[in-house]
Structures are given as C-alpha cells and as structure tokens.
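Worksheet for the structure shown next.
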Number of protein chains: 2
Amino acid sequence: MPQFLSTRDADFDRAFTALLGMKREDSPDVDAAVAAIIADVRDRGDAAVIELTSRFDRLDLTPETMAFSAEEIAAEIAKVPAEDRAALELAAERIRAYHARQMPEDASWTDAAGATLGWRWTPVSAAGLYVPGGLASYPSSVLMNAIPAKVAGVERLAIACPTPGGTVNPLVLLAASLSGVDVVYRIGGAQAIAALAYGTQTVAPVDKITGPGNAFVAAAKRRVFGKVGIDMIAGPSEILVIADADNDPDWIALDLLSQAEHDESAQSILITTDAAFGQAVAEAVTARLRTLERRAIAARSWEDFGAIIVARDLSEAAALSNRVAPEHLELCVADPDALAARITHAGAIFLGAWTPEAIGDYVGGPNHVLPTARSARFSSGLSVMDFLKRTTLARMTPEALAAIGPAAERLAISESLEAHGLSVRARLDRLNRSAG
Amino acid sequence: MPQFLSTRDADFDRAFTALLGMKREDSPDVDAAVAAIIADVRDRGDAAVIELTSRFDRLDLTPETMAFSAEEIAAEIAKVPAEDRAALELAAERIRAYHARQMPEDASWTDAAGATLGWRWTPVSAAGLYVPGGLASYPSSVLMNAIPAKVAGVERLAIACPTPGGTVNPLVLLAASLSGVDVVYRIGGAQAIAALAYGTQTVAPVDKITGPGNAFVAAAKRRVFGKVGIDMIAGPSEILVIADADNDPDWIALDLLSQAEHDESAQSILITTDAAFGQAVAEAVTARLRTLERRAIAARSWEDFGAIIVARDLSEAAALSNRVAPEHLELCVADPDALAARITHAGAIFLGAWTPEAIGDYVGGPNHVLPTARSARFSSGLSVMDFLKRTTLARMTPEALAAIGPAAERLAISESLEAHGLSVRARLDRLNRSAG
C-alpha cells in the first residue's frame, strides 16, 4: 500500500518531508567505463564505434551501414499501420503548432543616451537526438525532441538510436521522418554520445545533444557537456494530482497509474480535500492493478513511492504541491484556473478532469520532456529555446560614449583593469581633441 | 609574439584549427576534496562552514557573524567615493533597463480542436550568487548577476563572498545593496556552495546558484547541479575583433589587451582585411605592454594565445569568426550592421569602433556573463530567463478530448503504455455513453 497521510496528522510534516526526500533512483556508477568509451571513440573514431556496437548491441556495422539509408527508412515506414501513422501525424502537427508560438522575438532600441541596444536569436547549427532502443524506444519522444529543434531552425538534426540485434521500431523512423530529421544512426550508448559530440569519420559532430537514455548515456552526456550543450538529465517520471471529491475515482486512479507504469522508480501522488475520495481512489488503483499489462512495474512504483494526502482545503493542497514542484500536475477541481494561479513550481499543468496527463504525452501540443526530481523549482521543459541562443548587441555613437564612457572608465579603474579603462579613455580623448 | 596568420597561407586551415583547439585552461583536479567538503557541510552545517572558513580564509566566524549586519554594510558603503557610487548607480540603472526588456510574456490560446493551451513564467524563489574574494571581487559582476535575478522576481537573493582575513571590497557591498540583495554571507569556496545548495542552521537553501569562482567553486557547482540549478561554468575570457584598415591601431590594441589583462589564459584575436593594419596593431600592443599595470598577465596571454589573422574580405572574416564562436565580438568596420547579419555564433556583439568591449563590461546594459570556450555555438549569456521557469498549460473540453483523445490512445497502445491509453479511454467512454 502507498502512504496515506493527512495534513491533520501530528507528524505530517516529518512524513511529507521524508516523502520529498525519498531517493528513488539508484544509478550504477558507470563513470569510469564511460570515460574509457569516450576516449576510445575520440581516439579511433568509427573503428571504436563499430567495435562497441558489435559488443553491446550484437550488430555488425560498417561505416556505410552506420546510418539508415533512405530506402531502408522507406521500407520500415511502409510497415506502419495507417491508423498509427495518422495518430503520429496529428501529434506532430499539434506539437509543431504549439512550439512555433515559442519562437522569441529579436529586439533593438535606442535609449536616451543614444546607445542602440538589443539582441538577436540564432539557432544551434547541428543537434543530435538520442533515442533509446528496445522497449523505451518511444516515437512520441522523437517528435518532442526533434520538432522544437526544427522549429528553432536547426540545420542538421541527427538521431542516434541503438538497434539491438538489428531490431528497430518503424514508428521511430516514421516520427524522425515526420519531424524532418536528416540522418538516423544505428548506434547507442556512451559511444553514440561520444560520436555525436566529437565526430568520427562517418558521424559529423553536433553542437547540442538532447534526449533520454540509460545510465551510460546520462553519464556520457554529463561528460561531454561543455564541448556540446545538453538538455537536462531526466530522472524517473512523476505525477501529482489535486482532486476534489467531485471526480470519478477510476479516472484519477488511471492517471496515477499512467506514471507508475513507466518505471518502478516513478512517483504518483494524490492530494485531495476528501478522505473518503482518497480511499476510493486507492481502491480503484488496486482494482486496476489486477489486470494492467505493466502491473508488476506499476504496483512496485505505487507501493514504494505512491502517496495519498488529505489536505484541509485547496489552498493547503497548492502549498504542498509547490513544495513537491512536480513534473506533471493535474488539477481536477471545479475551478482549475483559480487553483493554477496558486501554483508556483510545476513542469506542466493539466487543467480539469477532462485533461488526463496522457494527452500531454502525445497530442496536447506542449512538450513532454519536463523537469523531474523537484527541478521544476529552477528549470523548464524542453522548448525551442533549447535550440536557440541569444547574441546581445550594443552600438555606441560618439555622443553615447561621451555620456556613459566615463562611468565605465571609473569602474574599470576601481577593479584594477587598466586596459579596460584605457580602451574607453583613448576614444574619449579623441572626442575631446575634436571638440577642442 | 602572437601568431600572425593569413588565410592565403598554404597551411592556414591547420593552423586555425590548432588555434581553435588550444587548451587554455588546466584546472587542478579538486573533485575529491570538494566532495568531502560538501559532505561535511551537509553533515555538520554551520560548524563545518565555520571551521572551513577559519582554515581557508583565516577568519573566525560565529553563526551570528556569518552574514554582514545592516550596520556593517552601511559602514562599508560609506567608504565608497561619490564618483564610484555614481558610476555604479549608472551601471545598475542601465543594466536594469536592459534586462527589464527581456521579461517574457505568458501565453494562452484556444485552438481549432477546442483545446486551451499556453504557458506561464514564474521566478525561481531563492537564488544564491557567488562573488569571489580578493582581487577578482568585481562589483560589476554583482550587478550583472543580481539585477537579472531581481528583475525576474526572485524573492530571496543571497550572496556568498569570502573575506580573507576579514577584508571586503566596499564596492561589492554597495553593488549588492543597489541590486536589492537580501543577505551577504562572509563565506566562500566549496563550503559556501554547499551551504547555499543544502542549507545550514544559518544559511537558508536556495534553488539556483550563479556567479564565477575558482576551481573549488566550479567543481562544487557541478556537484550540486540537479539539487539546485546553476549557471554556466565560465572559462577564461575571450575577444575577437574584426577590423578594417580604417581604424586607430591603438584603440584595437587596447581592446585586445582588455581581455588579455584578465587572465594569462585569456585569448584575444584580431581578424583584419589588411596585413599592414594587422602589423600596426601588433606594434601598438607591444607599445602598450611596456607600461600596462597588468603587463605580466596580458603579455603572457597575448604571446601564448593571441593571434592576428589576415582575411581576404569581411565575408571570410565572418566565416572564421563563426568557427570561433567568440564570447565578445567587436565589429570595427564601416557597416557593422551588415557584418553582424553574417554572424551566427557570438555571445555579445559590439558594433562599430565607438563601442569598445569594456563598455559592455560595465555600463552598456547587456550582461557581461557570456558563453566562453566556443560555447556560444549552443548557449547564451546570463539573462532574466536564468531566473525564470516556464510551466506549460493545457485544458481540454470534452469535445477537444473527443477530437484528439483517440490519437493519444492509439499512440499509447503502440508504446505499450496501457494505463496511458486507458486514462483517455475511460473519459471517451463516458462521452459515448452520454451521447448514446
């Protein structure tokens, strides 16, 4: 059974703090192995990647077969049932429309001193997207990573996706094709991250790497950070549902289970204002767990990390949710907008009982790559901003320099940076001579 | 002497690639020491911080004296000469005005399917700013880190600044005060980062840590990343100047030296279309190096990492600059806007010869915390965005769910995530029953 807490309990705060502090992930320490793999790929390029792929993925590649050919992709895509293709196309279209609205504006203005200031956004030139192989090879994640990159204007977008024993998910290739991905490599693990970051004879280096992966991939991303940009290192998925008594317990149970089924380390929390409703949801979860395909995983997650919390009112519920800073937050209450206004930290909010979190995983439009492990306190989900960078712009006229240059010179002197001051002074002296 | 290259040289590409790949920084490996310090601070809190401050900074603190009191701050600030205060106030005002324009807009819209989508920006609740002690204790960096945080709406902003032997720079305290910083701790090193990230009895934990520091600080920031957000790990400063022959060689020499004087590992590169002008700049640098206060540092940087490159034309110069992706880029040419349009990767651009880079360090308005070591290919300077996070919003009506829900269900099934599909199906079934 998951924890059943009430904010009226004498030791609630201790129990809630313990819930927040639970260590859900126990990553193996693969850092030394990953360092060796990266060094090998930097040193030997293709030869190292091919050897490691043979060893880890039981797949013998050559430089020529490292990437899928256009014909191979077309043949795989042809296997996709029409209904799956239509669903993926709808998802791609909606994700594209949402992310297109995120494109930020350039700016330029001239201020009272006569300085023209502003900034300009430009896309990352090339990005690499890691897609896990096997069971966690999700076409929806391909869309969620690739479409923002293409909307941002990334010129070259490469996917690395291991194909253990040669097996690939045709839907992954279709999602890549719908997103405008330029090349899909049959490589994975730390060797794929190293190849994308440093390049090999066959794999052109990229500037930014995104996408989920196992412990080896995560450790490799940490190691190449700095050489290239990376997205966040995602932890296990989480959902927090705030629900009043006016909900179908089965709907809420399914929403909780839709995170729990991801991973034994996932966490699902219900906060409700009604103890009897909380009990009904617990029973609905138990009932659903009897038949769910992934019941072994979901039950483990729910029993180890699940919680039902009874709060005095919605205001208290919002405050608790803000301490959790959940990745996904469902507000199944009469006035979800009013409750959302009280939320200060959450990756994504799903408003009202007609918005199950699963809609956001696929077709809602917003990104499903979201901050986990309480990092919504300081970070955001994936967006076009992750594939753009801002260059600031400044242009002084002689008059503007005359107005603000002396202050710069003064501060440079106070910081003992003489050349800084002189670079301003030399110009001011010219102005003074011209004026004199 | 620095390198003197021409794009017409037979081996130019090799030499330029070597210039790009130069390892300028040789950070000592302090990771094990830092791990021990962080563990000690997590374990013993204030006691550990006080002990480490006594050992490293020769300063005996108590929990009561760990932060400057209001009276102490007022007494230090009173020492600042009026002209320095006025310069710092001008800088603060201009930085505030620039960053206020960066505040992003919330968004909300309803699409054709009837789904209401959008996002909302909220500030990080509490941020910590690291300010080095001693010579590199720059008041301008306090403004550049603290003002964006306060513009973003950060409620609680703490500074950690070591005061070796008790010495503090009054301008740092004035800058903190002008920026609205809430508390200034007399602590530094990895112990300060650990205290800000995990909290102690006296230091309240923050959600995000920014600011420059030595190898211990950088290693500590890497280690606490995930528990809190961090800004970039900055490398040594860089400038690239593109200048035509129509410039005063002394101005350009001073601009190159204003990076070189920061650090022996700094890098200054001139790209010019005129070999004679390049030679004249080299001579001007040599002349200035005779008398510059920080000539030992600047000469080391210029000789080891400096370069003058003669390009065939400005178009070639822009292409070379894009390969460098410089932190600071000066465009000292007749039409800097036209040249800027060809620049795809740069942290900050300074347009025209009347805009020395030093203006941007202090009073221009844009931030001086900028991506180094070619990371402008994938990242941006510090901004209000670093202290904000985006929560995505989605709200379905029953009709919207009927329109797009079946596609979500289909994709969930294709990914073998049954509960995801059922959470949508249970709601669609209700709709069908109501309609039937």
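The values are calculated or read from the model by the stated rules, or taken from the named source; none is laboratory data. Quick caveat: nothing in here was measured; it's all calculated off a predicted structure. Cβ atoms come from the backbone with ideal geometry, glycine included; neighbour counts cover every protein chain shown.
If the requirement is being modelled with pLDDT under 95 and surrounded by 23 or more Cβ atoms within 10 Å (Cβ to Cβ), which of these qualifies: B:Gly189, B:Gly213, B:Gly235? Even if it seems obvious, please write down each step before you answer.
Numbers: B:Gly189 fails: modelled with pLDDT under 95; B:Gly235 fails: surrounded by 23 or more Cβ atoms within 10 Å (Cβ to Cβ).
Criteria check complete, one pass: B:Gly213.
Which members of region B:201-210 meet the condition of being buried (at least 24 other Cβ atoms within 10 Å of the Cβ) and assigned to a loop (DSSP other than H, G, I, E, B)?
B:Val203, B:Val206, B:Asp207
Would you check which residues across region A:254-280 are within 13 Å of chain B (Cβ to nearest Cβ), without any contact (Cβ under 8 Å) to a residue 60 or more places away in the chain and not small (Gly, Ala, Ser) and list them?
A:Leu256, A:Leu257, A:Glu261, A:His262, A:Asp263
Surrounded by fewer than 20 Cβ atoms within 10 Å (Cβ to Cβ), under 28 Å from A:His420 (Cβ atoms) and in the same structural domain as B:Glu83 (by TED's automatic domain parsing): is that true of B:Gly134 in this structure?
Working: surrounded by fewer than 20 Cβ atoms within 10 Å (Cβ to Cβ): yes; under 28 Å from A:His420 (Cβ atoms): yes; in the same structural domain as B:Glu83 (by TED's automatic domain parsing): yes.
Yes: the conditions hold for B:Gly134.
Can you tell me which of B:Ile147, B:Ile187, B:Ile159, B:Ile193 is assigned by TED's automatic domain parsing to the domain that holds B:Leu59 and within 17 Å of B:Ile233 (Cα to Cα)? Explain how you work it out, then say what you get.
Values: B:Ile147 fails: within 17 Å of B:Ile233 (Cα to Cα); B:Ile187 fails: within 17 Å of B:Ile233 (Cα to Cα); B:Ile159 fails: within 17 Å of B:Ile233 (Cα to Cα).
From the options B:Ile147, B:Ile187, B:Ile159, B:Ile193, the qualifying one is B:Ile193.
Residues in region A:354-364: is at least one over 17 Å from the mean Cα position of the chain (by Cα) and either surrounded by fewer than 24 Cβ atoms within 10 Å (Cβ to Cβ) or aromatic (Phe, Trp, Tyr) (or both)?
yes
For region B:46-60, does any single residue satisfy the condition of being more than 30 Å from the chain's Cα centre (by Cα) and not in a helix (DSSP H, G or I)?
Among the residues of region B:46-60, at least one is more than 30 Å from the chain's Cα centre (by Cα) and not in a helix (DSSP H, G or I), which makes the answer yes.
Could you tell me whether any residue of region B:113-134 is more than 20 Å from B:Val224 (Cβ to Cβ) and in a helix (DSSP H, G or I)?
yes
For region B:403-422, does any single residue satisfy the condition of being more than 30 Å from B:Ala149 (Cβ to Cβ), among the β-branched types (Val, Ile, Thr) and free of Cβ contacts under 8 Å to residues at least 60 places away in the same chain?
Within region B:403-422, the first condition is being more than 30 Å from B:Ala149 (Cβ to Cβ), and the residues that meet it are B:403-422.
Those still in the list that are among the β-branched types (Val, Ile, Thr) too: B:404, B:413.
Then drop every residue that is not free of Cβ contacts under 8 Å to residues at least 60 places away in the same chain, which leaves B:413.
Scanning region B:403-422, I find at least one residue that is more than 30 Å from B:Ala149 (Cβ to Cβ), among the β-branched types (Val, Ile, Thr) and free of Cβ contacts under 8 Å to residues at least 60 places away in the same chain, so the answer is yes.
Please find, among B:Ala136, B:Ala91, the residue that is touching a residue at least 60 places away in the same chain (Cβ under 8 Å), farther than 30 Å from A:Ala376 by Cβ, under 18 Å from the mean Cα position of the chain (by Cα) and facing chain A (nearest Cβ under 7 Å).
Numbers: B:Ala136 fails: facing chain A (nearest Cβ under 7 Å).
Among B:Ala136, B:Ala91, only B:Ala91 is touching a residue at least 60 places away in the same chain (Cβ under 8 Å), farther than 30 Å from A:Ala376 by Cβ, under 18 Å from the mean Cα position of the chain (by Cα) and facing chain A (nearest Cβ under 7 Å).
For (1) modelled with pLDDT under 95; (2) surrounded by 14 or more Cβ atoms within 10 Å (Cβ to Cβ), each residue gets a yes or a no:
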residue	(1), (2)
B:Phe4	no, yes
B:Asp9	no, yes
B:Ala15	no, yes
B:Arg24	yes, yes
B:Val34	no, yes
B:Asp40	no, yes
B:Asp43	no, no
B:Asp46	no, yes
B:Val49	no, yes
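Quick check on region B:61-86: of everything there that is among the aliphatic types (A, V, I, L, M), in a helix (DSSP H, G or I) and touching a residue at least 24 places away in the same chain (Cβ under 8 Å), which residue is farthest from B:Val49 (Cα to Cα)? Steps first, please.
Step one: of region B:61-86, the residues among the aliphatic types (A, V, I, L, M) are B:61, B:66-67, B:70, B:73-75, B:77-78, B:80, B:82, B:86.
Among the residues that remain, those that are also in a helix (DSSP H, G or I) are: B:70, B:73-75, B:77, B:82, B:86.
Right, trim to touching a residue at least 24 places away in the same chain (Cβ under 8 Å) and you get B:73, B:77.
Working: B:Ile73: 22, B:Ile77: 26 Å.
Across region B:61-86, the extreme among qualifying residues is B:Ile77.
Would you kindly identify the strands (runs of 3 or more DSSP E) lying entirely within region B:320-436 that contain at least 2 residues that are closer than 24 Å to A:His368 by Cα, at the interface with chain A (Cβ under 9 Å from one of its Cβ atoms) and in contact with a Phe, Trp or Tyr (Cβ under 6 Å, 6 or more places away or on another chain)?
Details: elements: B:328-332, B:348-351, B:388-395.
Passing ranges, in order: B:388-395.
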